[in-house]
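Engineer: The following block contains the structure, expressed as structure tokens.
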């Protein structure tokens with residue numbers, strides 16, 4: 001992920017500015033980041049990058065840190081909330097229709113569309129289910145997953161709630177092996193759908 005920023009400093013010797021991905025309170029596992037050139041005193045702009053080189057992780061914030069040119073003192077530090085999922089089975093361009101937040105009638109469908117990438121030669125199955133708290137939302141119905149072939153492609157589906165006034169506060173995506181035997185990856189995106 002490339003990061004562009006503007007800065008301002010009165011530090012005569014210049015500053016260095018670093019970006020670091022975090023998962024919860026800790027630096028992301030297996031991260032790699034760009035170094036920092038020496039930025040001169042005054043105002044200017046810069047850039048950097050970060051990535052997760054292996055494993056699966058959801059980066060939920062980026063730390064920006066400004067140090068003196070010799071890196072002996074931290075002059076400024078701030079965190080910016082984000083949500084980037086790094087995985088061997090990435091899903092992107094996720095669109096929920098109608099957009100969240102929304103109030104829906106029982107049986108009204110929420111459509112999901114996405115782009116996926118998979119190197120699994122046998123393909124994968126991708127499921128999405130409504131969540132309330134940490135559990136599947138009661139009385140839900142969701143479309144099954146077709147077999148998504150290796151490579152990059154698009155997918156769609158939907159879910160609804162049939163009864164029981166409830167708020168869906170997340171949508172869980174799960175990527176399974178083609179025969180549904182192995183969970184390859186999962187994560188939850190935040191949403192807000194009130195069914196009544």
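The values are calculated or read from the model by the stated rules, or taken from the named source; none is laboratory data. Since we're looking at a predicted model, the values are computed, not measured. Note that each Cβ is placed from the backbone with ideal geometry, even for glycine, and that neighbours are counted across all protein chains shown.
Residue-by-condition table, conditions (1) within 21 Å of the chain's Cα centre (by Cα); (2) farther than 17 Å from residue 172 by Cβ; (3) free of Cβ contacts under 8 Å to residues at least 12 places away in the same chain; (4) not in a loop (DSSP other than H, G, I, E, B):
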site: 120; (1), (2), (3), (4): no, yes, no, no
site: 125; (1), (2), (3), (4): yes, no, no, yes
site: 128; (1), (2), (3), (4): yes, no, no, yes
site: 131; (1), (2), (3), (4): yes, no, no, yes
site: 138; (1), (2), (3), (4): no, no, no, no
site: 145; (1), (2), (3), (4): no, no, no, no
site: 152; (1), (2), (3), (4): yes, yes, no, yes
site: 155; (1), (2), (3), (4): yes, no, no, yes
site: 160; (1), (2), (3), (4): no, no, no, yes
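Engineer: State whether one or more residues within region 153-160 are surrounded by 13 or more Cβ atoms within 10 Å (Cβ to Cβ), closer than 16 Å to residue 108 by Cα and at pLDDT below 95.
Structural biologist: Checked against the condition, which is being surrounded by 13 or more Cβ atoms within 10 Å (Cβ to Cβ), closer than 16 Å to residue 108 by Cα and at pLDDT below 95, region 153-160 yields at least one hit.
Engineer: Moving on. Could you tell me which of the residues 84, 127, 148 is modelled with pLDDT under 95, within 19 Å of residue 187 (Cβ to Cβ), in contact with a strand residue (DSSP E or B) (Cβ under 6 Å, 6 or more places away or on another chain) and surrounded by 16 or more Cβ atoms within 10 Å (Cβ to Cβ)?
Structural biologist: Working: 127 fails: modelled with pLDDT under 95; 148 fails: modelled with pLDDT under 95.
Of the residues listed, the single one that is modelled with pLDDT under 95, within 19 Å of residue 187 (Cβ to Cβ), in contact with a strand residue (DSSP E or B) (Cβ under 6 Å, 6 or more places away or on another chain) and surrounded by 16 or more Cβ atoms within 10 Å (Cβ to Cβ) is 84.
Engineer: Among what's in region 7-26 and is without any contact (Cβ under 8 Å) to a residue 40 or more places away in the chain and surrounded by fewer than 15 Cβ atoms within 10 Å (Cβ to Cβ), pick the residue that is nearest to the chain's Cα centre (by Cα). Don't jump to the end; show me each part of the working.
Structural biologist: Taking region 7-26 as the starting set, the residues that turn out to be without any contact (Cβ under 8 Å) to a residue 40 or more places away in the chain are 8, 10, 12, 23-26.
Going one step further and asking which of them are surrounded by fewer than 15 Cβ atoms within 10 Å (Cβ to Cβ), we end up with 8, 10, 12, 24-26.
Numbers: 8: 30, 10: 35, 12: 38, 24: 13, 25: 16, 26: 16 Å.
The qualifying residue nearest to the chain's Cα centre (by Cα) is 24.
Engineer: With the checklist (1) crowded, with 18+ Cβ neighbours inside 10 Å; (2) more than 30 Å from residue 22 (Cα to Cα) in hand, flag the one item residue 181 doesn't pass.
Structural biologist: (1)
Engineer: Which condition breaks for residue 98 when tested against (1) farther than 20 Å from residue 185 by Cβ; (2) surrounded by 16 or more Cβ atoms within 10 Å (Cβ to Cβ)?
Structural biologist: So the condition that residue 98 fails would be (2).
Engineer: Contact list please: Cβ distance under 8 Å, first residue in region 50-68 and on the phi > 0 side of the Ramachandran plot, second residue part of a strand (DSSP E or B), pairs at least six apart or on different chains.
Structural biologist: Partner pairs satisfying both residue conditions: 55/86.
Engineer: Taking residue 2, is it within 19 Å of the chain's Cα centre (by Cα) and over 14 Å from residue 84 (Cβ atoms)?
Structural biologist: no
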